[in-house]
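Heads up: the structure comes next, in structure tokens.
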Amino acid sequence: MKTAIASTLAVLISSAIAPAVHADTGSGATDPQLAHNVRVAFAHSGVDTSHVFVFSRSGQVTLIGWVPERQQVALAEQSANGVDGVTSVNNLLSRGH
């Protein structure tokens, strides 16, 4: 399980290192700006992001990591979907130990 998460994380990080381009999201936000906006939405909704990675590519957001409470998995997805410019959310979050 840890190997699969590490591999997925490595692929996402390597694609996030590419130069920032304007995502075709309708909001005009770059991919890093969109990921930041998702993290801000998490803070406003009470999602603990200390172990959460947020990746964005052309409006498609991927959430990887864990949250302390089961309810926060769904709350994170709802919060991300509510951000202007997000077109889809791939929620790979799990409840931590």
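The values are calculated or read from the model by the stated rules, or taken from the named source; none is laboratory data. Everything numeric here is computed off the predicted structure, so don't read it as measured data. Cβ atoms come from the backbone with ideal geometry, glycine included; neighbour counts cover every protein chain shown.
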**OP:** Just give me the residues in segment 25-80 being part of a helix (DSSP H, G or I), of a type in the set (Ser, Thr, Tyr) and crowded, with 22+ Cβ neighbours inside 10 Å, in sequence order.
**Re:** SER79
Subject >> Any chance VAL61 is within 17 Å of LEU93 (Cβ to Cβ), modelled with pLDDT of 95 or more and of a type in the set (A, V, I, L, M, F, W, C) >> reply: yes
